[in-house]
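What follows is one structure encoded as structure tokens, with my remarks underneath.
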């Protein structure tokens, strides 16, 4: 795991004398992604600069140093991530080509040699891993940028004038003299709607996220290259939909266990200490169980707990760890531990990001880093195996709503937006019997705002996963939202099972732009590499070939994962309601975070910014403080933007 950055000058502008100083400044801003070493490479004739920060995982020697040049001196590469099958690729190269010489055993060298012999796209399709790549081809004077299949590793890019800037995070881009701090108002609207900024947009105008499973080729000052898809998850799920496996339970379970074990074996390759994050839930427990089966010594596992029993799952994690025999560490936190982290979030997430589980994720990453450099997690199990309860809740709700005439639906909409949070609990039995009640009033109100416009299962889901229905009412000068996949229902995967459609959509959107962003920034802020065995694309392909009954059966989500897990962990240690990493935003914003929030939502600050309609924001804040509405989640999106803005524009800061 590392960090990369760089820039490419246009034809009308010469490389500056201080280009190395600029590159070093950019690279230093991502030192947390790679504290072990730094590297810089500049070709002034071709006006290309590559910078790298290294977190040494494989081949700790200088033989793994980046940027790295190919033996024939044609290519220069800087690369962030891990190629889990790089030893297999090495073996393939050695079997097909004679006279191969290796300088070390890093996956970077394997990647570079593979590009030499198999070509650019031929190499990308071979890779199993997480990666962001920047490659300069001296022969063609071409820059290649690429991102892994699911977007585990971030990569931003964009033209500022005639300079192309790119990097693992936005921080280094903003430090280049060509960068113009111009906000993308459409991205602000998307942030308020979903709590994150979806691909391809970023908070800065003319800076983009490279989509997962895509690459760019930039030559000859081309300022509008189109991302090229080298692997399509949408095609995979649509083809699997009409060609499901005819397989028995025992064979399906055995095949899945073998695939997941193979994925974990690959991801346990490391020259530094390695462990696992363990919540005690199905996904993380299964990863830890298979890791312990593979390992000859107790693996290190980590969990966090909360003093408030409503949010504490640490005893469950400890019970699983005790059964497996892992070397387990638990950190019990009070509210102050999370609250103290809030002011740091704007620095850690260098574009506004409002999934509040970012707080405990950052803390558990810091805990793990005290003991290991690499940790495996259970991320992506829910999207791949149908684990989110919202899929089934939306299906149930739509079956009820679809029967209602529109006049009655409109009356229900009015009712949900006028009753108090306490009164809304009366509707729980019909609408949301399986969701924790504390979270429901805000969700009911949110749905009530837009039931009039819900005319399909898909539009109901979009409403459910939207925090603020119409952010154009809050952002000045924003007439409409930019195009993005989640908001374009006609572009969603075409699948027969509506729940599988939502699972696929979440993989393409929520997983990439929320979950993986959260874990990347949280872990990298602690210089910890997090790996996700459930994102091995061979395992994902197999999961989508299985009939839906293997994912949901007898009222139980992730059925097949549970069957594998029960071979290693007793059922009674696992079966309990899913809690997740939620935090009590509604209470915090009325209590210990009230002054912090009031400062960010003050009339003075809002008027100085001139971004939001002050009256709308203040009205929302007043309703929340009074308790007549639970606006914690939607206010968190606004507050995360405000905190980020203050950090990046230094408004109200003392010079």
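The values are calculated or read from the model by the stated rules, or taken from the named source; none is laboratory data. Just so it is clear, the model here is predicted, and its values are computed rather than measured. Glycine also receives a Cβ, built like all others from the backbone with ideal geometry; neighbour counts cover every protein chain displayed.
Residues that are part of a helix (DSSP H, G or I) and assigned by TED's automatic domain parsing to the domain that holds residue 50 are absent from the stretch 149-166.
When residue 380 is tested against (1) over 16 Å from residue 457 (Cα atoms); (2) out of contact with any helix residue (DSSP H, G or I) (no Cβ under 6 Å at 6 or more places or on another chain), exactly one condition is not met: (2).
Residue 275 fulfils the conditions (1) within 16 Å of residue 328 (Cα to Cα); (2) modelled with pLDDT under 95 except for a single criterion, (2). Only one entry in 434, 390, 450 is under 20 Å from residue 554 (Cβ atoms) and modelled with pLDDT under 85, namely 434.
To keep it simple, each residue is scored yes or no on (1) assigned to a helix (DSSP H, G or I); (2) modelled with pLDDT of 80 or more; (3) on the phi > 0 side of the Ramachandran plot.
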position	(1), (2), (3)
403	no, yes, no
407	yes, yes, no
415	yes, no, no
422	yes, no, no
466	no, yes, no
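Candidates 110, 78: the one that is crowded, with 21+ Cβ neighbours inside 10 Å, modelled with pLDDT of 95 or more and either at positive phi or assigned to a helix (DSSP H, G or I) (or both) is 110. Look through the stretch 513-570, keep the residues that are in a strand (DSSP E or B) and touching a helix residue (DSSP H, G or I) at 6+ places or on another chain (Cβ under 6 Å), and return whichever of them is nearest to residue 266 (Cα to Cα). Looking at the filtered set, the residue picked out is 531. When both residues are 6+ apart or on different chains and their Cβ atoms are under 6 Å apart, which pairs have a first residue that lies in the stretch 215-228 and is assigned by TED's automatic domain parsing to the domain that holds residue 147 and assigned to a loop (DSSP other than H, G, I, E, B), and a second that is surrounded by 15 or more Cβ atoms within 10 Å (Cβ to Cβ) and modelled with pLDDT under 90? Within 6 Å, the pairs are 221/10.
Let's see how each residue does on (1) in a helix (DSSP H, G or I); (2) surrounded by fewer than 20 Cβ atoms within 10 Å (Cβ to Cβ):
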| site | (1), (2) |
| --- | --- |
| 319 | yes, yes |
| 331 | no, yes |
| 338 | yes, no |
| 346 | yes, no |
| 387 | no, no |
| 397 | yes, no |
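Only one of the listed residues (288, 212) is in a loop (DSSP other than H, G, I, E, B) and under 25 Å from the mean Cα position of the chain (by Cα). That residue is 212.
Among the residues of the stretch 571-580, the one identified as part of a loop (DSSP other than H, G, I, E, B) and free of Cβ contacts under 8 Å to residues at least 24 places away in the same chain is 575.
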